Structure formats: C-alpha cells, structure tokens
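Visitor: Have a look at the structure that comes next, please.
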Amino acid sequence: MDHEFFWISGSPYAWRVQLALEYKGVPYVSRRLDAGRQEHRAPAFLALNPRGKVPVLKTGDTALYESVAIIAFLDRAHPAVPLLGQTAQEHGCVWQRVNEFENYTRDLFDVEIVRPLLRGRAKDDPDAMRASAARAVEALGWMEQALSITPYLAGDNITAADIVALPNIQMLRRVAARPEAMDMGLGLEDLGARLPALGAWLSRMETMRGYDAAYPPHWRS
C-alpha cells in the first residue's frame, strides 16, 4: 500500500499524522509543502483537498484529509501497532479521550493563546491573555488527572489520544516561550511545573518511537 503524505512543517495536525506513520512504522513518500509559497493553495493540491489544508494522505486514487480521520484509516489499514485499542472497551476509551481533547481543550488554547501570539495580536489585551492562560491550565486539568493514574491518556500504552494531543500542547509550549508571552507572565512555558503528571507524560512522549523523525524540521533551527 503506497502512501503519499502532504504536510507543512509546524502544523500540529500534520504532525499528528506523521507521528502515527512513524510510530506504526508505515512507509510513506514525504511531500512537504512550502506555506510561504502557498503551495497548499495550488490547483494540484486543491484537487486533493479543496479546503487547502494539510495533512493529506494519498493512497492510490484516494486522498484523505482531516488528521483524526487519517489516523483512523491508518489504524485499520495497518493494525499491527494499534492506536485505537484492541477491545471494544479500549476503542471506546481512546475515542472518548480524543473527543475530550478536541472538544474541550484544544480550541481554548489554540484560539485564545496560540493564534494571537503567532499573529502578533497578543499584546493588544494582556489581561485577556493572562485570563486565557489560566483557563488553559484549567482545561488541561482532566489530562493531569488521567495521567496521574495511567502513563498515557487511555491506559498503559500510547494510543491515538496521546498522538492527537501532543503536537497541539507542544505548539502551546513553543509560543508560550516567546518573549512577549514571557513579558505578559502567561506562565505556560513550563507546564510540567504546574501540571507534573502532564510534564512526565510529555517527557515520555518525547522518547516515543518516531518522535524525532516527525519533529517539525524548521523548529530545530
């Protein structure tokens, strides 16, 4: 089964899929796009995903987009290293955790913290940013509680829940370490100090198989 993976460095959603590919050991052809040159808006790419967003996984004549859908496809197509559980109970638990992160956690810090910092709007209202930072820590509370019981979000093994959550949290940590974020005292640059179980999970995830291969290359510079 030949896979072509279309991605942009730094996209947490593309990073999710690349982590899944690398962790599962699935061979793929890398098609890195240049966002600066708007390659994700080119007609050839829009033919794969009319929304003009990464990631896209092309397999034969089929092009899949939306990161969680691609991970679900990969788990069915390459089941040897399961990411969505092996029993009905495990399957339900993993999807519960994925949806908890997507529905109640990600949007808060993505919309209220990551985007304003990336787009240079954070200093327009520092008080609002500090309030958002406090809400972000509160929104991560369910993860802290879960990870104080089991090493990973859905139990004793890495699953899609961990792979879905990790890139967005790493993006949050990255932008929180920017000078303007530090000047506002958002206090998100060292989440492990405030959420120790989450911090320990981050350390474990950074040693997972495929983490280095999938790490955004432009973040290394």
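None of the figures in this text is laboratory data; all of them are computed from the coordinates on show. This one's a predicted model, so the numbers in the text were calculated from it and none came from an experiment. Ideal geometry is used to build each Cβ from the backbone, glycine not excepted, and the neighbour counts take in all protein chains shown.
Visitor: Debye sum, Cα scatterers, the stretch 80-139, no solvent: what log₁₀ I/I(0) at q = 0.30 1/Å?
Guide: Taken in order of the listed q values, log10 I(q)/I(0) reads -1.14.
Visitor: Taking the radius of gyration and the Kirkwood hydrodynamic radius from Cα positions alone, what is the Rg/Rh ratio for the stretch 111-172, to two decimal places?
Guide: Here the Rg-to-Rh quotient is 1.09.
Visitor: So, one more: Which value results when the Cα radius of gyration for the chain is divided by 2.2 N^0.38 Å?
Guide: Numbers: Rg = 17.5 Å, N = 221, 2.2 N^0.38 = 17.1 Å.
Cα-based Rg divided by the globular estimate yields 1.03.
Visitor: Rounded to the nearest 500, what is the chain's calculated 222 nm mean residue ellipticity when only DSSP H runs of at least 4 contribute -39500 (n - 2.57) each, over all residues?
Guide: -14000 deg cm²/dmol
Visitor: What percent antiparallel are the DSSP beta bridges of the stretch 1-142, to the nearest 5?
Guide: Close to 65 percent.
Visitor: Could you give the semi-axes, largest first, of the ellipsoid that matches the stretch 160-206, computed as the square roots of 5 times the alpha carbon gyration tensor eigenvalues and rounded to whole Å?
Guide: 21, 12, 7
Visitor: Take every Cα pair under 8 Å in the chain that's 6+ residues apart, average their separations, divide by the length, and report that relative contact order as a whole percent.
Guide: Averaging sequence separation for qualifying contacts and normalising by length gives 24 percent for the chain.
Visitor: I need the per residue convex hull volume for the stretch 1-79, using only the alpha carbons, in cubic angstrom as a whole number.
Guide: Spelled out: Cα convex hull of the stretch 1-79, divided by residues, is 80 Å³.
Visitor: Normalised by the number of residues in the stretch 1-129, what is the relative contact order in percent for Cα pairs under 8 Å and 6+ residues apart?
Guide: 21
Visitor: Work through the residues other than P217 whose Cβ is under 15 Å from its Cβ and net out their charges, Lys, Arg +1 and Asp, Glu -1. Intermediate values should be presented prior to the final figure.
Guide: Details: positive: R31, R32, R174, R220; negative: E22, D34, D212.
Net charge in that neighbourhood comes out at +1.
Visitor: What does the convex hull of the Cα atoms come to per residue for the stretch 124-221, in Å³?
Guide: 103
Visitor: Among residues other than G10 whose Cβ falls under 13 Å from its Cβ, what is the net charge (Lys/Arg +1, Asp/Glu -1)?
Guide: Details: positive: R16, R32, R174, R220; negative: D34.
Result for the local shell: +3.
Visitor: Under the Kirkwood approximation applied to all pairs of distinct alpha-carbon atoms, what is the hydrodynamic radius of the stretch 29-71 in Å?
Guide: Over the stretch 29-71, the inverse of the mean reciprocal pair distance is 10.7 Å.
Visitor: List the aspartates and glutamates whose Cα sits under 18 Å from the Cα of K123, skipping any in the same chain fewer than 8 residues away.
Guide: Cross-link targets: D110, E112, E180, D183, E189.
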